[in-house]
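What follows is calculated from the coordinates using simple rules that are stated; it is not laboratory data. Keep in mind that what you see is a predicted model, and the values were worked out from it rather than measured. Here the Cβ is made from the backbone with ideal geometry for all residues, glycine too, and neighbour counts use every protein chain on show.
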Amino acid sequence: MSSIGKKLKILGTNFAFLILFLSIAEVGLRIANIGYDNAAFEPDSLLHHIHRPDYSFIHSNAAEHEYGNIAVRYDKMGCVVNPHQKKTEHCREKIWFFGDSYIEALQVKYDSSVTGLLEMENPDVCFKNFAVGAYSPILHYLKLKQLLKSEKPDIVFLFLYANDPSEDKQYLKEAKIYHGEVAAVDGGMPQWKYEIIRNSNLLRLIRKFYMQMTVKLENKQRKEEYVLSENNVILAEPTLTYLEKFVMLCLNKNVKVVVSCIPSKTDVLRSDFNSASFSNQVKAWCSGKCDFLDLQEPLQKFYLATNTSPYFKNDIHFNNYGHRIVARTIVLAQIIKD
C-alpha cells in the first residue's frame, strides 16, 4: 500500500472513531436528558429573528446558574404564554406588550412575570406578550405593522432599553429599504442550522459552554462595566424615527400607546440618577406625544427602602421582585380599565 493510501486509511479510521464517539455522546446525553435549551429563536426574512410558533422548552441560565428549569411556551403567534394553562380569548380589553428580553421574561416562572402577574389580577383582560430578546424599535415597528393588518388591541405598551440605539443601527445596516423606510430586516441564517442545533443535545451542550465562555470573557474585558449604564446613551437616529413611527401607527389606529423604559441595573443600584439618563430622555420625548410609564423611580425606591435588588445578582434581568414592581406600577397608573 502506498504512503498516500496509508494516510487515507488512518484518516478514515480516525474519522470513523470520531463519528462513533460523537454518536455515543449524543445517545448518552439524550438518555441522561442533558442539553441546554432548544435554540428557540428562528431566523426570519421580515423580523430578523422570531420565537418558534407553537413551541415549548425548558430555559436555564447558561452563565451564572441563577435560575433554571423555567418552562417556556410560545403560542402560534410567537407570544410568550402560560405553559400550564390556556388563556381565555373572551376579554373586555386587549393589551399588547412589546419589548426585549426584560419583558420577554424567560428568567422567571410565567406566573411571576409582568404578564403573568397582570393576568392573575385581571382575568378578563387579554394580554399578549410580543416581546422578543434583542428587539429594538425598528423591529417593534415592523412587528406592530404586521399585526395590525389582522387585529387591533385597546392598549399597546412599548418597553425600551438603553441598548436600543446601538441595536437599531445594526439592524439598519441589514435592512431592506423601500420608499425611504425599513421594510424588512432579513435574519439571513438558513433554517437547517437551527434545526440541527435544536435536535442535538450534544450541540446544545456545546452551545451552552460557548455562551458561558463568551460571557466570562466579556465580563473580564469590561470588568466593572458588566451591565449597561444609561448615562452615556443618547436617544438618537434611527431609534427616534422608528419610535415615532411606532407611536403614530398606534394613534392612527385609535390605539392607546404607553411608552416606558427599563432602567439598567447599574443605574438603579446607586443612589443618584443622571438627569440625562436614557429613561429621562425617553420621558422627555414622550411629552405631548404619548403616555409615559416611569419605572426608574419605583425600582430605585424599592431598592433604597429594602436594600434588595430587583435584578439578579449576576444576570442583568429582573428577578421576581423586579417583575412585581413593574406589574404593580402598571396597576397603580390605572391604565388598565377596572
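Packing-based ranking of 246-252, 105-111 yields 105-111, 246-252, ordered from highest to lowest mean Cβ neighbour count within 10 Å. Label sites at residue 134 and residue 24, each approximated as a point 7 angstrom past Cα along Cα to Cβ, lie 3.6 nm apart.
For the stretch 236-338, what is one quarter of the convex hull surface built on the Cα atoms, given in nm²?
Quarter of the Cα hull surface area: 7.8 nm².
Amide H to amide H distances under 5 Å link residue 49 with 44, where only residues 5 or more positions off or on other chains count and H is placed in the peptide plane. Each of 206, 138 was scored by other Cβ atoms within 10 Å of its Cβ. Listed from fewest to most, they are 206, 138. Per-peptide packing, taken as the mean over residues of other Cβ atoms within 10 Å, places 14-23, 281-290, 124-133 in the sequence 124-133, 281-290, 14-23 from highest down.
Here the Karplus curve 6.51 cos²θ - 1.76 cosθ + 1.60, taken at θ = phi - 60°, turns the phi angles of the stretch 96-106 into couplings of 10, 10, 10, x, 10, 5, 5, 8, 4, 6, 7 Hz, with x standing for Gly and Pro.
Arranged from highest to lowest average of other beta-carbon atoms within 10 Å per residue, in what order do the peptides 152-160, 294-302 appear?
On the way: 152-160: 22.4, 294-302: 18.1.
Result, highest mean first: 152-160, 294-302.
Measuring r between the beta carbons of residue 276 and residue 332 and using R0 = 41 Å, the FRET efficiency lands at 0.95.
Legend: calculated FRET efficiency, residue 284 to residue 120, from the Cβ-Cβ distance at R0 = 41 Å, rounded to 0.05, equals 0.75.
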